[in-house]
1. Any idea which of Ala47, Ala76 is under 15 Å from Ile98 (Cβ atoms) and either charged (D, E, K, R) or modelled with pLDDT under 95 (or both)?
2. Could you list, in sequence order, the residues of the stretch 29-71 that are in a loop (DSSP other than H, G, I, E, B), of a type in the set (A, V, I, L, M) and crowded, with 17+ Cβ neighbours inside 10 Å?
3. Do we have any residue at all in the stretch 27-48 that's polar (S, T, N, Q) and in contact with a helix residue (DSSP H, G or I) (Cβ under 6 Å, 6 or more places away or on another chain)?
4. If you go through the stretch 72-92, how many residues are in a loop (DSSP other than H, G, I, E, B), β-branched (Val, Ile, Thr) and open to solvent by 30 Å² or more (accessible area, probe 1.4 Å)?
5. Tell me whether the stretch 96-103 contains one or more residues that are touching a residue at least 24 places away in the same chain (Cβ under 8 Å), in a loop (DSSP other than H, G, I, E, B) and under 10 Å from the mean Cα position of the chain (by Cα).
6. Hey, among Lys22, Lys17, Lys26, which residue is under 10 Å from the mean Cα position of the chain (by Cα) and over 20 Å from Trp77 (Cα atoms)?
7. So which residues in the stretch 31-77 are of a type in the set (Lys, Arg) and touching a residue at least 60 places away in the same chain (Cβ under 8 Å), if there are any at all?
8. Scan the stretch 57-73 for residues that are at negative phi and either touching a strand residue (DSSP E or B) at 6+ places or on another chain (Cβ under 8 Å) or not charged (D, E, K, R) (or both) and report the count.
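The values are calculated or read from the model by the stated rules, or taken from the named source; none is laboratory data. The model shown is predicted, which means the values in this text are computed figures rather than measured ones. Here Cβ is always computed from backbone atoms with ideal geometry, including for glycine, and neighbour counts include all displayed protein chains. Surface areas here come from the heavy atoms of the whole protein model, side chains and all, with no ligands, DNA or RNA. Shrake-Rupley method; radii C 1.70, N 1.55, O 1.52, S 1.80 Å.
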Amino acid sequence: MPVITVLPHETICPEGKTFEVKPGVKLARALLANGVKIEHACEFSGACSTCHVIVRKGFDSLNEPSDEELDMLDQAWGVTSVSRLSCQTVVGEEDLTIEIPKYSRNHAKEL
């Protein structure tokens, strides 16, 4: 099973975290199930960019982003060439290293 490593984030995951998940799982759900309280203002519908993550390792093993996801990523803070919406990202067979950006465009956090 792939191992997901979440780099430390000041408020969401101060210590960082490492856990295993089954391939085929949506990344946002895997993060939440393992205690990483990723923001998800649109309840996983891909209609916001609050669950934006930067994939520092394993990016090429992920499913291709849709045009809609790419459009939403344009609105994310600190977007990079290896950014994804975790609610639209399906975990593949490779290990992942994830960075959660410092800021999000979510003004009403409901974690």
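1. Numbers: Ala47 fails: under 15 Å from Ile98 (Cβ atoms).
None of the other options fit; the residue is Ala76.
2. First, pick out the residues of the stretch 29-71 that are in a loop (DSSP other than H, G, I, E, B): 34-51, 58, 62-66.
Pick out the ones that are also of a type in the set (A, V, I, L, M) and you get 36, 38, 41, 47, 62.
The answer is Val36, Ile38, Ala41, Leu62.
3. Restricting attention to the stretch 27-48, the residues satisfying the condition of being polar (S, T, N, Q) are 34, 45.
Then keep just the ones that are in contact with a helix residue (DSSP H, G or I) (Cβ under 6 Å, 6 or more places away or on another chain); that gives none.
No, because not a single residue in the stretch 27-48 is polar (S, T, N, Q) and in contact with a helix residue (DSSP H, G or I) (Cβ under 6 Å, 6 or more places away or on another chain).
4. Filtering the stretch 72-92 for residues in a loop (DSSP other than H, G, I, E, B) gives 74-82, 86-89, 91-92.
Adding the requirement that they be β-branched (Val, Ile, Thr) leaves 79-80, 82, 89, 91.
If we keep only those that are open to solvent by 30 Å² or more (accessible area, probe 1.4 Å) too, we end up with 79-80, 82.
Count: 3.
5. Start the filter on the stretch 96-103 by keeping residues that are touching a residue at least 24 places away in the same chain (Cβ under 8 Å), which leaves 96-103.
Narrowing the set further to residues that are in a loop (DSSP other than H, G, I, E, B) leaves 100-103.
Going one step further and asking which of them are under 10 Å from the mean Cα position of the chain (by Cα), we end up with 100-101.
Yes, there is a match, as at least one residue in the stretch 96-103 is touching a residue at least 24 places away in the same chain (Cβ under 8 Å), in a loop (DSSP other than H, G, I, E, B) and under 10 Å from the mean Cα position of the chain (by Cα).
6. Numbers: Lys22 fails: under 10 Å from the mean Cα position of the chain (by Cα); Lys17 fails: under 10 Å from the mean Cα position of the chain (by Cα).
Sole residue among the options that is under 10 Å from the mean Cα position of the chain (by Cα) and over 20 Å from Trp77 (Cα atoms): Lys26.
7. Filtering the stretch 31-77 for residues of a type in the set (Lys, Arg) gives 37, 56-57.
Scanning the stretch 31-77 gives a single hit, Lys37.
8. First, pick out the residues of the stretch 57-73 that are at negative phi: 57, 59-73.
Then keep just the ones that are either touching a strand residue (DSSP E or B) at 6+ places or on another chain (Cβ under 8 Å) or not charged (D, E, K, R) (or both); that gives 57, 59, 61-63, 65-66, 69-70, 72-73.
Total meeting the criteria: 11.
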